[in-house]
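S.K.: Quick one: the structure is below, questions incoming.
The values are calculated or read from the model by the stated rules, or taken from the named source; none is laboratory data. No experiment lies behind these values; they were computed from the predicted model shown. Cβ: placed from backbone, ideal geometry, glycine included. Neighbour counts: every protein chain shown.
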Amino acid sequence: MNRVVITGMGIYSCLGKNIDEVREALFKGKSGIIYDASRKEMGFRSALTGYVEKPVLKGKLKRRDRIGLAEEGEYAYVATVDALEQAGIDMDFVQNNEVGILYGNDSTAQATIEAVDIVREKKDTTLLGSASIFQSMNSTVTMNLATIFKLRGINFTISGACASGSHAIGMAYILIKHGLQHQVICGGAQEINAYSMASFDALSAFSIRESSPTEASRPFDSKRDGLVPSGGAATVILESLESAKKRNAPILGEVIGYGFSSNGDHISVPNVEGPVRALQMCLKDAGVKANEIDYINAHATSTPAGDMNEAMSIDQVFGDAKPYITSTKSMTGHECWMAGSSEIVYSLIMMHNSFIAPNINLETPGKEAAGLNIPSQTVDANIDIFLSNSFGFGGTNASLIIKKYTGE
């Protein structure tokens with residue numbers, strides 16, 4: 001079995017457009033949530049959202065490559081450029097090796113809706129243009145990036161709701177571990193436009209704490225009233241340890257565990273048993289005990305039921321171990337399909353800078369979380385091993401464990 005390491009990472013989120021900006025925001029506990037008045041005009045119950053600036057790709061990409069990118073594809077491109085640069089993977093390497101791509105994505109709402117609107121109004125499909133199909137397919141990120149970067153390895157999209165990004169990393173880990181690939185670009189992307197969030201808003205899933213946007217996302221707090229949508233993209237480069245050493249690539253961490261499960265229960269309300277099985281599987285795969293985990297980046301989205309059940313799951317598995325636990329969603333909101341990958345990046349940043357970002361807006365923990373070790377302020381701490389949770393609609397669960405690489 002091959003050991004699997006991370007040799008590059010890139011992030012484009014509401015906390016910042018690169019690793020340095022995101023590191024500063026995490027350390028300071030800075031929120032990226034805003035009030036978007038246009039959503040109120042559209043009939044949204046909640047106008048809260050993470051703010052993600054549209055990247056400027058003109059001059060960086062040929063028009064032929066740009067026109068096929070949906071919104072989330074643009075974010076993914078920028079994040080991937082940074083990750084490949086850090087990993088030291090250039091076009092010459094890609095042309096001579098089977099570099100793959102597995103990316104999490106579960107919607108392309110804006111591109112689809114805009115295409116349908118044109119057809120309804122103009123009654124002429126030819127007006128859609130040749131790029132419309134490549135923007136509106138759910139595999140838009142992988143098909144575009146595989147073409148842009150001339151990738152020759154595995155190439156497909158993983159759609160697992162809010163666990164999509166985690167499953168992409170987990171599947172890449174399995175492929176590399178078993179020698180089927182040696183380098184895989186993986187991550188998750190999430191469009192942030194209003195069209196993509198309307199159905200969520202219809203479920204009354206969003207916080208309506210509109211008078212204080214930066215205080216609206218409140219994971220584990222007793223006064224939480226719903227999640228805040230957000231988006232962007234995060235990329236990590238997974239590679240066999242042998243390949244990384246051969247290339248003298250930087251090694252940011254080692255993926256040592258992946259656990260997954262299905263709740264087999266309600267389509268939108270999580271339970272305790274499913275996450276517990278994913279956590280136990282992840283620990284077993286990693287060959288570590290609960291008390292060896294220094295930090296858990298919780299899925300906790302700030303919904304009453306979700307946070308409660310995750311807190312109970314963590315307490316059941318970790319008991320008296322009491323690792324530090326925070327949800328970076330307190331600052332970012334819920335980055336949905338991207339969250340599993342972005343939270344690996346956020347946690348890697350903390351690992352390399354010896355701090356734990358705060359679970360902001362935690363004033364009075366809910367009773368189910370009262371016994372957990374959840375800091376509401378930044379903590380100086382050494383992280384040797386961390387775990388990240390992602391749980392999605394349909395009961396799909398994923399947990400990942402990353403270990404600091406020491407050269408052994």
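S.K.: Could you go through the range 107-121 and let me know if any residue there is buried (at least 17 other Cβ atoms within 10 Å of the Cβ), within 27 Å of Gly253 (Cβ to Cβ) and in the same structural domain as Cys14 (by TED's automatic domain parsing).
M.R.: The answer is no; no qualifying residue exists.
S.K.: Hey, another quick one. Return only the number of the condition from (1) in contact with a Gly (Cβ under 8 Å, 6 or more places away or on another chain); (2) farther than 28 Å from Phe206 by Cα; (3) in a helix (DSSP H, G or I) that Ile401 does not satisfy.
M.R.: (3)
S.K.: Output the residue which, of all residues in the range 258-293 that are among the acidic types (Asp, Glu) and surrounded by fewer than 19 Cβ atoms within 10 Å (Cβ to Cβ), is nearest to Lys403 (Cα to Cα).
M.R.: Glu292
S.K.: Still on this structure, I have one more. Would you call Val255 surrounded by 24 or more Cβ atoms within 10 Å (Cβ to Cβ) and in contact with a helix residue (DSSP H, G or I) (Cβ under 6 Å, 6 or more places away or on another chain)?
M.R.: So Val255 passes the test.
S.K.: Same structure again: Go through the range 158-193 and give me each residue that's under 14 Å from the mean Cα position of the chain (by Cα) and among the polar types (S, T, N, Q).
M.R.: Ser159, Ser164, Ser166, Gln190
S.K.: Still on this structure: Taking Asp65 as the residue in question, decide whether it is free of Cβ contacts under 8 Å to residues at least 40 places away in the same chain and either over 18 Å from Ser230 (Cβ atoms) or assigned by TED's automatic domain parsing to the domain that holds Gly179 (or both).
M.R.: no
S.K.: Within the range 65-102, how many residues turn out to be part of a loop (DSSP other than H, G, I, E, B) and either over 17 Å from Ile154 (Cα atoms) or among the basic types (Lys, Arg) (or both)?
M.R.: 6
S.K.: Here are some residues: Ile360, Ile325, Ile374. Which one is β-branched (Val, Ile, Thr), at pLDDT 95 or above and more than 13 Å from Arg218 (Cα to Cα)?
M.R.: Ile325
S.K.: Assuming Ser136 fulfils every condition listed in (1) of a type outside the set (A, V, I, L, M, F, W, C); (2) more than 14 Å from Glu191 (Cβ to Cβ); (3) surrounded by fewer than 24 Cβ atoms within 10 Å (Cβ to Cβ) apart from one, which condition is it?
M.R.: Going through (1) of a type outside the set (A, V, I, L, M, F, W, C); (2) more than 14 Å from Glu191 (Cβ to Cβ); (3) surrounded by fewer than 24 Cβ atoms within 10 Å (Cβ to Cβ) one by one, Ser136 breaks only (2).
S.K.: I want to confirm something. Restricting to the range 194-214 and keeping residues that are more than 21 Å from the chain's Cα centre (by Cα) and either of a type in the set (D, E, K, R) or more than 26 Å from Glu71 (Cβ to Cβ) (or both), which single residue is surrounded by the most Cβ atoms within 10 Å (Cβ to Cβ)?
M.R.: Arg209
Listed here are the residues, each with its yes/no results for (1) at positive phi; (2) polar (S, T, N, Q).
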{"site": "Asn248", "(1), (2)": "yes, yes"}
{"site": "Glu273", "(1), (2)": "no, no"}
{"site": "Ile293", "(1), (2)": "no, no"}
{"site": "Pro304", "(1), (2)": "no, no"}
{"site": "Lys322", "(1), (2)": "yes, no"}
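S.K.: Out of everything in the range 1-57 that is of a type in the set (Val, Ile, Thr) and assigned to a helix (DSSP H, G or I), what residue ends up being surrounded by the most Cβ atoms within 10 Å (Cβ to Cβ)? Show your work before the answer.
M.R.: The initial filter retains those residues of the range 1-57 that are of a type in the set (Val, Ile, Thr), namely 4-7, 11, 19, 22, 33-34, 49, 52, 56.
Then drop every residue that is not assigned to a helix (DSSP H, G or I), which leaves 19, 22.
Details: Ile19: 18, Val22: 26.
Filtering first and then ranking leaves Val22.
S.K.: Follow-up. Condition first: in contact with a helix residue (DSSP H, G or I) (Cβ under 6 Å, 6 or more places away or on another chain) and either among the small types (Gly, Ala, Ser) or not in a strand (DSSP E or B) (or both). Now tell me which residues in the range 170-207 satisfy that.
M.R.: Gln181, His182, Gly187, Gly188, Ala189, Glu191, Asn193, Ala194, Tyr195, Ser196
S.K.: On to the next question. Which residues, taken from the range 108-150, are basic (Lys, Arg) and part of a loop (DSSP other than H, G, I, E, B)?
M.R.: Matches in the range 108-150: Lys123, Lys150.
For (1) touching a residue at least 60 places away in the same chain (Cβ under 8 Å); (2) within 16 Å of Ile34 (Cβ to Cβ); (3) in the same structural domain as Ile374 (by TED's automatic domain parsing), each residue gets a yes or a no:
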position: Ser164; (1), (2), (3): yes, no, no
position: Ala168; (1), (2), (3): yes, no, no
position: Gly188; (1), (2), (3): yes, no, no
position: Met197; (1), (2), (3): yes, yes, no
position: Ser207; (1), (2), (3): yes, yes, no
position: Ser211; (1), (2), (3): no, yes, no
position: Ala216; (1), (2), (3): yes, yes, no
position: Arg224; (1), (2), (3): yes, no, no
position: Gly231; (1), (2), (3): yes, yes, no
